[in-house]
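Throughout, read-outs are computed from the coordinates displayed, never taken from laboratory work. Nothing here was measured: the structure is a model prediction, and the numbers come from that model. Ideal geometry is used to build each Cβ from the backbone, glycine not excepted, and the neighbour counts take in all protein chains shown.
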Amino acid sequence: MDFAELQCYRGMRVCVAVSGGVDSVSLLHLFYVNAEKLDITLSALTCEHGIRGEESLRDLRFVEELCGKWRIPLTVFRADIPARAKRSGRGLEDEGRQFRYSCFREILKADKADAVATAHHKDDFAETVLFRLARGTSLAGLSAIREENGVIRPLLFATRAEIEAYAERNQLPFVTDTSNADTRFARNAIRKTALPALENAVRGASEHLVEFALRAREDDAYLQSLAAQAIKAEDGGYRVPLDLPAPVFSRACLRAMRELGCTKDYTCTNVREIEKLKALQSGREACLPDGLKAVREGDCAYFYLPSSKEFEPVPFQTGSFVWEGAEYAVSYERKEGALRADGNAFPAECQIRTRREGDVFTPFGGGRQSLKEYLTKKKIPARVGKKLPVVACGREVFAVFGVEISERVKVTNDTDQVVYLSDTKEN
């Protein structure tokens with residue numbers, strides 16, 4: 001552990017996450033003694049979780065005194081993690097991690113630093129890989145601890161033993177979190193029991209776990225690139241081909257969900273629900289986290305967020321309106337591509353609204369049928385058909401904007417007033 005490892009952070013504003021333990025104190029010291037040479041603006045943050053009572057407050061005082069002694073600006077975050085975990089249903093470890101990373105994001109969002117540095121090291125990497133393997137993770141999960149979104153890991157090259165040797169060599173003070181010895185926590189059990197046993201059985205197991213995770217990261221990055229090429233944006237949603245190889249299909253689906261704003265953790269159950277669409281007819285849906293839906297449309301799964309807006313019916317008269325990303329107009333002026341109809345053939349009580357159950361339609365040159373049946377024959381997806389504006393009187397539909405007019409309002413030799421129904425996508 002020396003100056004060379006920090007060269008890539010030259011000229012940056014770095015905020016070190018400090019708990020008071022040997023790892024984070026060593027990281028803070030490494031930056032502290034090299035900051036001036038590398039033109040690094042150094043600060044620190046600490047998170048008090050409200051879990052260990054007086055011991056936790058002791059650690060906070062230690063970090064405050066250390067940063068004061070070294071004249072390093074410190075930001076303190078506090079939370080009642082047990083209470084938060086009770087509300088969220090997550091475990092203490094997971095809730096604590098969520099809290100810490102929210103603190104990191106707050107520092108970065110407030111532009112107090114260019115990066116937040118954590119003291120994760122090579123042994124942490126191996127422990128995380130083993131933990132995630134035990135929980136049944138994917139290749140993406142096996143990539144484990146990485147640098148992203150402004151969070152850096154300057155000590156990933158070092159082992160725990162090397163960090164402890166650095167602390168001893170520089171006579172660094174630190175505190176010990178006694179909860180780290182509690183093997184009721186899964187990570188502690190892996191650190192104290194599982195990983196040492198694995199090392200005893202297979203020499204170099206920790207190093208091999210890290211190497212495996214790095215190869216997994218490369219494999220996942222390649223599969224993710226194929227998934228990114230496969231999905232197509234359309235009408236505010238995303239289309240994913242159903243015939244993609246399984247590893248690419250699952251990643252493409254999850255990518256579509258993220259692009260649509262899915263913030264909740266997905267599960268294997270969600271992926272299996274989407275895969276079921278392959279065996280179902282067009283129009284069948286799968287419900288997903290955050291209100292998203294996936295619907296089979298031909299040879300693709302279409303991912304979208306259903307609109308919560310309601311179309312308020314309006315009288316059928318000249319004018320324009322915007323609905324679901326398109327501009328519609330009724331006019332007596334000729335418009336290229338617009339539907340033409342006999343203006344006087346529409347009943348006076350006609351309204352513009354969206355489709356309703358029981359609507360019937362007699363398309364131009366065709367026979368009377370349900371509007372739903374007609375739209376299906378036209379291969380218009382149900383999600384699209386449900387939001388198309390129509391001109392109707394009661395259950396009788398006389399025109400579907402952008403699609404067709406009824407035989408009952410067609411232009412004839414007796415028509416003396418032609419009306420134009422147009423739809424134009426907004427730019």
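Here are some notes:
- For the stretch 280-329: Kirkwood Rh in Å [reciprocal of mean 1/r, alpha carbons]: 13.5 Å
- Its relative contact order, with pairs defined as Cα atoms under 8 Å and 6+ residues apart, puts the chain at 11 percent.
- Extension gain, residue 410 to residue 321, is 29.7 nm, computed as 0.36 nm per intervening residue step minus the present C-alpha separation.
- On the principal axes of its alpha carbon atoms, the stretch 252-394 extends 57, 31, 29 Å, with the longest extent given first.
- Trypsin sites (Lys or Arg not before Pro) restricted to the stretch 289-353 and DSSP loop, no more than 12 other C-beta within 10 Å: 309, 334
- Considering only 17, 196, 103, the residue lying farthest towards the positive end of the dipole of the chain is 196, judged by Cα position with unit charges set on Cβ.
- With the simple model of a label 7 Å out from the Cα in the direction of the Cβ, residue 384 to residue 200 spans 6.5 nm.
- Residues whose placed amide H lies under 5 Å from that of residue 78, excluding near-sequence neighbours: 48
- The protection proxy used here, the mean number of other Cβ atoms lying within 10 Å of each residue, ranks peptides 217-230, 7-20 as follows, highest first: 7-20, 217-230.
- Ordering of 162-168, 125-131, 200-206 by burial proxy (mean other Cβ atoms within 10 Å per residue, highest first): 125-131, 162-168, 200-206
- The mean sequence separation of alpha-carbon pairs under 8 Å and at least six residues apart, normalised by the residue count of the stretch 356-425, gives a relative contact order of 30 percent.
- Under 13 Å from the residue 97 label point (7 Å along Cα→beta-carbon), backbone N, the stretch 186-216: 186-188
- Along the axis of the charge dipole computed for the stretch 313-425 (Cβ charges of +1 for Lys and Arg, -1 for Asp and Glu, origin at the Cα centre), the listed residues 366, 329, 417 are led at the positive end by 366.
- Cα-centred dipole magnitude for the chain, charges only on beta-carbon of K, R (+1) and D, E (-1), debye, nearest 20: 820 debye
- Ellipsoid semi-axes for the stretch 62-215, based on the Cα gyration tensor and the rule √(5λ), read 26, 21, 17 Å when sorted largest first.
- In summary, the chain shows an alpha-carbon radius of gyration equal to 1.40 times the 2.2 N^0.38 Å reference for compact globular proteins.
- Length gained when the stretch residue 176-residue 282 is fully extended (0.36 nm per residue, less Cα-Cα span): 32.2 nm
- Its Kirkwood hydrodynamic radius, worked out from the mean inverse distance over all distinct Cα pairs, puts the stretch 314-411 at 13.6 Å.
- Max-minus-min Cα coordinates of the stretch 131-238 on each principal axis give 60, 32, 26 Å, with the largest extent listed first.
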